[in-house]
Each structure stands twice: as structure tokens, then as C-alpha cells.
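Data first, discussion second: the structure below is written as C-alpha cells.
The values are calculated or read from the model by the stated rules, or taken from the named source; none is laboratory data. For clarity, every value in this text was computed on a predicted model and none was experimentally measured. Cβ sites come from the backbone with ideal geometry, for glycine too, and all protein chains shown count toward neighbours. Remember, those area values only see protein heavy atoms, side chains included, never the ligands or the DNA or RNA. Shrake-Rupley method; radii C 1.70, N 1.55, O 1.52, S 1.80 Å.
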Amino acid sequence: FSASAYEIGVNEEIPVTVYGVAAISAVDYNISDNRNAQTGYELENESRVGFRAGKNMTDDLHVFLQIESGYVGNFGNGGAGASGSLGVRDTFIGLGGDWGKVRFGRVLTPMYELIDWPFSNPGLGAVFDWGGTVKGYNDRHSDQVRYDSPTWSGFNFAASVGRGDSSKEGSNFVGANIKYTVSTVTLMAAFESNKNFKGGETIENSDDTTTYKEGGDVNTYFVGFEAGLPGGFSIAGAFKQADAKDRFINGDWEFQDGDASQGSYSLIAQYWNGPFGLRAGYAATLDSEINGETQDDADNIVSLQVMGNINGFVPYARVAGRTLTSVNGTNADTDVVLRVGLEYGF
Amino acid sequence: FSASAYEIGVNEEIPVTVYGVAAISAVDYNISDNRNAQTGYELENESRVGFRAGKNMTDDLHVFLQIESGYVGNFGNGGAGASGSLGVRDTFIGLGGDWGKVRFGRVLTPMYELIDWPFSNPGLGAVFDWGGTVKGYNDRHSDQVRYDSPTWSGFNFAASVGRGDSSKEGSNFVGANIKYTVSTVTLMAAFESNKNFKGGETIENSDDTTTYKEGGDVNTYFVGFEAGLPGGFSIAGAFKQADAKDRFINGDWEFQDGDASQGSYSLIAQYWNGPFGLRAGYAATLDSEINGETQDDADNIVSLQVMGNINGFVPYARVAGRTLTSVNGTNADTDVVLRVGLEYGF
Amino acid sequence: FSASAYEIGVNEEIPVTVYGVAAISAVDYNISDNRNAQTGYELENESRVGFRAGKNMTDDLHVFLQIESGYVGNFGNGGAGASGSLGVRDTFIGLGGDWGKVRFGRVLTPMYELIDWPFSNPGLGAVFDWGGTVKGYNDRHSDQVRYDSPTWSGFNFAASVGRGDSSKEGSNFVGANIKYTVSTVTLMAAFESNKNFKGGETIENSDDTTTYKEGGDVNTYFVGFEAGLPGGFSIAGAFKQADAKDRFINGDWEFQDGDASQGSYSLIAQYWNGPFGLRAGYAATLDSEINGETQDDADNIVSLQVMGNINGFVPYARVAGRTLTSVNGTNADTDVVLRVGLEYGF
């Protein structure tokens, strides 16, 4: 007798690893209560769990799988388990060897990987990650084939091709990043080019018919650096520029006709003294230009984080001031965001 | 070459445990076919799986994570995997030490923990857990900070603060329980106090505008006991009372204006003889009082369960009679519910 | 102090196994761009992960649990993690012994198990699995009790009872398969009989009332064989016939009044030479008969797959021609589907 008579697939001698990140924080997005829009604190449980399983197919070819859940907490009463399905975060099958590795599935785009870390932390994402009037790139994205090179003399690169919306014809993107490290300095550059960005949209007309409009072409360019300084200090900075043609996604995440472009930058300074660290950041979007006209829609965030690293656990507290003209209008006031949390990997 | 170049977070030497509960049962909710409302039997797979990962941050401070899925079965054709996401059941990060422990995230409220067990089993939940005309408390709830004390000379307590609906201002609750055990007797008391209960609701007006109405204030009080008797017998009983002011959630789970209060109780007797057990329960709500007028809406359930404990496996069969006036009206007949199942932890 | 004070259930000495299947492929469903309906390639990540936990309840009775996720990839931009919940694929609790095993929960029906494998592979499912004008059976289905016999002298069988839609009265099915193997030849037969198929539907009338219509009775019969031949060759074939009375589900997956019947068959030839394999398949539905009139709606797929088996990894490439009259009309042209992928169990 065996319970395995209906097992699916061939169960090879491939070890499975369960891993994850524990990440809980209490946050108040608007303790200054601007626009009477404060709702109070919330606990955000951004913990996630995943599985890895791989082994060598041949002496020279390693095959590996990763499946990762989304955040297991509910946010703003989004419902328990709302994003706690498997496959929400990086989920792929890959091949690797001396030549580097290639992953198929849901991964970060090469440019977004740099935007996400280190340049959107501490708490700069609402401007430098998903913010601004001209959305210019994908972030974590399915239907992607991404190659990452090994490091040669301090130099490495990644390149990716993917579908923006695989159900729409011609919705494709390509992207790449390149990094060069000498001593404690790393220089970075990246780009991403989208055709029929995110597959466009289908509009319902007043006569009950629908019109399909493509998403336009959007290119984004990125340069950045990180540098370790003496005495526990380090600094980092990046600038990126999005250029959209014919049609783009605006600050309200809606498609809008027109050519548009916008630049943004992020500056970060960090200091560690034993287990104690400080991290300060400033990120801003410049005024966008739509159909040749400069808008009055610059956003900025200034943020300060104190943190520890105690036996692998990272407790932190962060205060940030968000001035988001692109969302709250030209008279936007500064929302003060306070977050206290704890993270650790396992 | 390493597959781990894009691993998220720092993978510490923290062991991960996969655990779960297997729970399957066949149930017929109305074998007496009252109101011609029988649909036949159904299999309910309430199994769930979870992950735990923790270690000491310092000699005196333990940090621990739990992520648990919802029930993996579909119920009433709710769709495969409908609640099988991670984070649906108790999902939290906690800190512990000699002083007790505090958990942040999705946990049972202190009062609900007692209501759930032992007082809503066997099959009394439709009255004593989520039943009745005046809903008075949260159950498993996110956005919660809960402290549990160690046990001092038979005495322990738990206290919790949380957000009812974190997207609504002023929607908060506090709660606590206290337990005292002497010999085989445990005395318990608990309360929970809600402001803007569950965040209220937004009503669509006839002129297409909307009106936001708060959820009212609701307090619930609880007392109970358990006692072991000679010869394998034990008994338990509890009474709780919900008092709502201005606005409350009624038997149809809809907000209703008015002051309202309702009491309910649960009585349980149990007998174990070796691997064989019997458990009998009776739970009832009293007639509620709305705006000072006593309603005719008392519910009750009488239930008998036979069960075994064979090498850690718990097979059981249960028959219950449910008379739910609050749902089926003042002439409610008694639905006979039959359930046969098996449970075990792993 | 213990983090386990709120553990759910009794954690027995039952080992938990994490298992899964890695399955990624790039597919283009219509490289011939018929009807200008090509959208380009897509990556389909059909990987899934699961958990098993069981042990002996008594010397003669083994108890086992399986919980399995759905596919972790998104398809046609269905959203990340859209089907990555636990409980989407085979998820059950079972009992086993010398007498065979019985599983309670979500499993394949006995007939569908044979339809699925080997007869819908390579790439024949759009005809032989879920295709055709007369839908005749359940596939993976919850609310099922399935018994599988041991093998006696080459003979074994499985039988199942289940609810079609447990929320609808009288929606039930029974099914069975039987297999007999002598030398390298296996003969198979199966049937499935549905009452109130899939619970029927509720129709909204023009006067805002609703009418509930049952799903009709549908019976499907199946015969098939597999035979190993000398020199690495093997062949397989199957025929099935669905007979619906009063009401049935048609090619657009909508209920339709009337009696209907349709036959379909699948023929497969396979050749392995060391790690290298070829698999060719042809599947077709015959013209259906509705209310005694023969329709012009036959579908067919012809498919060829080359594959390897390298150290447990199975890379493959497949090309198929799909001519689906039941979906695309009587002048349906042949969509050429190309898929390249890799699978392995872990």
C-alpha cells in the first residue's frame, strides 16, 4: 500500500527549501492629519514565504525553481489573505552555469531592481518607485525572460525581454542594467523600453461599443552610484527619466493621450556604527512635460530612519515627509508618515 | 555560480517549521428538510497549513513568526482554494520572554478565544460564536497587538488593542481576558469594547450621493468556568452579554440604528473513558432588547458528539438540533445537523 | 515561555513533506495568426507546490493528507497568484490499508483521470479533455469520496461518488474506472453519471424574477488501451461518448435545452530511445447530435512532441494544429500552437 499512487509528476531527489522574510510594522500615513484625512495607525504584515527546489541537470547546468507568496497581511482592510497567494512575488524557473543564469517567469525588471533597492528605501517609493505623473516601467513582472551575467572584474549586467500584457498584440518590453564596481564605488546604468505599454485599455463608448487604445511607447533611462566612505558612512544617488510617446499612464494611474516626460532622482546617506544605523533619503520628481508644456506637479519625500542589526534582526523607526503635488494638487501639504517595524529573513 | 543572487532578505540560521491541522467532515445541515431547504450532504475540508520561524534576538528576547493558510476546501461551491491563501488564519510576528509575549498581526481577540474554545464546541457556534441578533465582538482579527502574560500561581491574563477597520477613523477596540485555575477548576472573565464597530458602512442615497454612518459603540462581557470532575467527567459553562449603543449589527449581519443588548450562554458536559469520549452541549441566546423593547428572537442549539482519540487521530460524529429564530423567524423549526469527521494535527 | 501556547490542534509526531512540480513553458497559441487573433507568446508557469502529512492510525489503517496549490503563474494577465491558493489542485484526506484506499475531498473523478493521462497529452486537451459541444463529466472535483482498489493479478478499479454542486439539491454524480494489465497491454473502461449536472443555473427573467433550471442528466462512457511494443514504441487509444438528456452544457460552456450526444477519440504513439523521446497524438470529436439532428461541429487536434529525460528533467517542444469547429464555426481554420517547456518533480 502506498499513499503515493496518485502523486503528480516524478519525485526526484531534489531538496525543497522553505524560506521567507518576516516583516511587520505599525504605520500612520498622515499623523499631521492634512485634509482631515488621517485614519489612524495600521499594522502592515509584509511577511512572505517561499519555496526553492533545484539541482544540476548536467555537470554544467543547474536548474532551479522559486515560488513566493505575496504579503500575508491585510492592508486597509483589504481582506485576510488578500495577497497571500503563491506566485505573487518572484516566481520563476531558471537555468544557471558559469555563463550566468537565465530565469523564466515573474521577476523584477533589470532597471526596476535598482530603483527598488537601494534607491526607494527608506520610504521613498511613493515618489521614486511608483510615484510621479509619467509612469515609465514595469516592476515585478510575469512573462519575462531575464539573463544575469556573472561578475567579470567588477563588471556585470542583466538583460530582459517580456510581455507587457500577453493578451494584447505588440505589448512588449526590453530592459537592461549594467553595474561596475571599483573599490567601494559602484556605478550603474539601466534602461527599459515598452511598446504598447501595459497593453493599453478598452474604453466603453456612449453607444455601448468599445474602442481599444494601445498603451503608447515609453522609454525610461537610469543612472546611479553607490559609494562607501570612511568611518561607516556611505552615499548613493540616482536619476531617471521617462519619455512617453502618444499615450502614457498618469499620476492617477489612468491612460492619457499625449507625449510626456518626467525626471526624478533619489539621494541617500547612510551611517553604521556597530549594530546601530542611520539612513536618510530625499527623493523628488521634477515637473513633468506634457505635449511640450511644463506642468506644476513636482513631488518630494524626505525621510530619516534609525535602525539596528541585532543578531540578524532589523528593528527600525522611520519618519518621512511626503509632499505629493501629482496626487494632492498644486497646494499639496506635507503628510508626515511614521513607521516602526521589525524585519528578518529565515 | 549561485541561484541565490536574488534572494530576498538575509537568510539567517532560523529554522522553519511546517505545521497544520487535517480536518475533514461530511455534513448535512438540514436532514429534517425544514422549509424544503435541504440540499444534501457536503464534504468540508477545514484543513490548513502554516509556517513558523523564530529564534532568540537576545538571551532574553525570543522573536517568532507564524503564517497560516485559511481552510483549503471549498464550501457550498465557493470555488477551489477560495480561502486557501496564506494569512487567512492566525498570522503574526511576536516577541516573547519571561514577562510573557506580545503578538502583532492577525490573532484571536482575548474574549473571542474563550468563546471559540471550549464554549462553541461541539457545533454550538451558530448560536454562541457568530449567532444572535446583536453582534458584539471581533473574532480573528488583523491590526491587533495582543499581550499574553505568563501564568503566576494559576493566574494569567491577555490584553489586546486593535483597529476594527483601519481605513476608518476612530474604529478601535480593546479587550482582555483573565483566567484563574485552582485544582481542576478554571474561572474566566473577559470583555471587549468597540468604538465605531467594524468601521460602520457607507450608504448609497437615492440621489446617488453617499452617507457614511459609523458603526456604533458595542461592549461585550463574558464570564465562564471549566471544572474537571471525578471519573472522567468535566463540565463547562459561560454567559456573555452584548450592549450596543446607537447602532449595531443585527442577525442578518446588517447595520441597524438603535440601542440593543442580548445575552447568551453555553453549557457543556464531557466524558472520556480511555480513547472514547462523549461531549454534549447546549447554547442559547436570550431574547434581545432593542430600544428598550424585548424581542422574540431567542435561538438555541442542542448537540451531542461521540468521539475517539486513537493515536492522536480524532474521529467524531455529531448530531445537533438548531432552532434559529433570529434567522428563520418566530416560527422557526428545528434543523437537524449531522456531521461525521476526522481531525489530527501535524 | 513557549511560542506554542496558541498552536492550533495537537501537533503529533507526523512528518510533513513539501513536494511539487516545476513546469514552465513558452507558448504561442496561434502562430499562423488565423482571424488576426494572434497575441504573441506567453510564459505559462504551471508549477505547483503541495504538502503531505500522514501516519498509521492503527497497524492496519494509514491516514494521509494532501494539500496542493493551483498553478503559480499568471496566464493571459490573469493576475499574479490568481490560482496560487492552497486547495486548488488535489486536496484530500485519505484512509488506506491492504484493502486499498479511500480519499475524501478534491480529487480527479475515476473516468477523468484516464482522460487526463495519457489521452489528453501531448496538447490534445482542447479536444479530448475540455473540448467539444457536449460536456459530459467533472474533472478535478471537490465534495468527492473516491475508492481505489489494490491491484489483483493485473486488475484494479476505482469508484467515486460526489456532489456536482453541493448547494443544489439532487446534483450528484457517480463514476468508476477499471483497468486490466496483461504483459505490456492495459485495457481500460470507465463511466460517469451526473444528475442535475453541475447544479444547473439560475436565469434572470425580464421581469426581474429568476428561474432555476436544473442541469440535466449526463452519462459518459469510456474505453481505452495502452500497449508497449518492441523497440521502444508504445501506442494508446481511447473513445468516449457523452449522452445528455433534457439539458446540457455546450461548446460555449453555457446550458442549453435538449438531448445531446457526442463521441470523441484520442490516438497516441510514443517512441523512446535512451533519453530521447517522440510523442505524436491525434484527437477528434465526432459531429454531435442534438435533439436527433447531426450537427457539423467536429473538432480535431494533431500534435507532435519531441522530449528528453535528462537526470529527471523533461525538456520538450511541441507543435500542434487545432481545428476547432465547435468554437470557431464551420469554416474554422487550423491554429498552429507551438510550445517549448521544461518540467520536473521535486
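Observations on the structure shown:
- The requirement of being within 14 Å of chain A (Cβ to nearest Cβ), hydroxyl-bearing (Ser, Thr, Tyr) and within 23 Å of residue B:92 (Cα to Cα) is not satisfied by residue B:193.
- Residue count, region C:332-346 (criterion: outside any strand (DSSP E or B), over 21 Å from residue A:92 (Cβ atoms) and open to solvent by less than 60 Å² (accessible area, probe 1.4 Å)): 2
- The residue of region A:154-169 that is nearest to the other protein chains (Cβ to nearest Cβ), among those that are polar (S, T, N, Q) and buried (at least 20 other Cβ atoms within 10 Å of the Cβ), is A:166.
- Any chance residue C:151 is surrounded by fewer than 18 Cβ atoms within 10 Å (Cβ to Cβ) and more than 10 Å from chain B (Cβ to nearest Cβ): yes
- For the residues A:213, A:135, A:179, the requirement of being more than 14 Å from chain C (Cβ to nearest Cβ), more than 30 Å from residue A:229 (Cβ to Cβ), basic (Lys, Arg) and open to solvent by less than 60 Å² (accessible area, probe 1.4 Å) singles out A:135.
- Out of A:106, A:48, A:89, A:52, sole residue that is surrounded by 21 or more Cβ atoms within 10 Å (Cβ to Cβ) and more than 9 Å from chain C (Cβ to nearest Cβ): A:48
- From the options C:227, C:242, residue that is buried (at least 17 other Cβ atoms within 10 Å of the Cβ), outside any loop (DSSP other than H, G, I, E, B) and in contact with a strand residue (DSSP E or B) (Cβ under 6 Å, 6 or more places away or on another chain): C:242
- Residue C:172 being facing another protein chain (nearest Cβ under 10 Å), of a type outside the set (Asp, Glu), farther than 30 Å from residue C:230 by Cβ and open to solvent by 20 Å² or more (accessible area, probe 1.4 Å): yes
- The residue list B:294, B:325, B:285 contains one member that is over 30 Å from residue C:95 (Cβ atoms), of a type in the set (Ser, Thr, Tyr) and without any contact (Cβ under 8 Å) to a residue 24 or more places away in the chain, which is B:294.
- Residues in region B:59-84 that are out of contact with any helix residue (DSSP H, G or I) (no Cβ under 8 Å at 6 or more places or on another chain), under 27 Å from residue A:314 (Cα atoms) and within 7 Å of another protein chain (Cβ to nearest Cβ): B:63, B:65, B:67, B:69.
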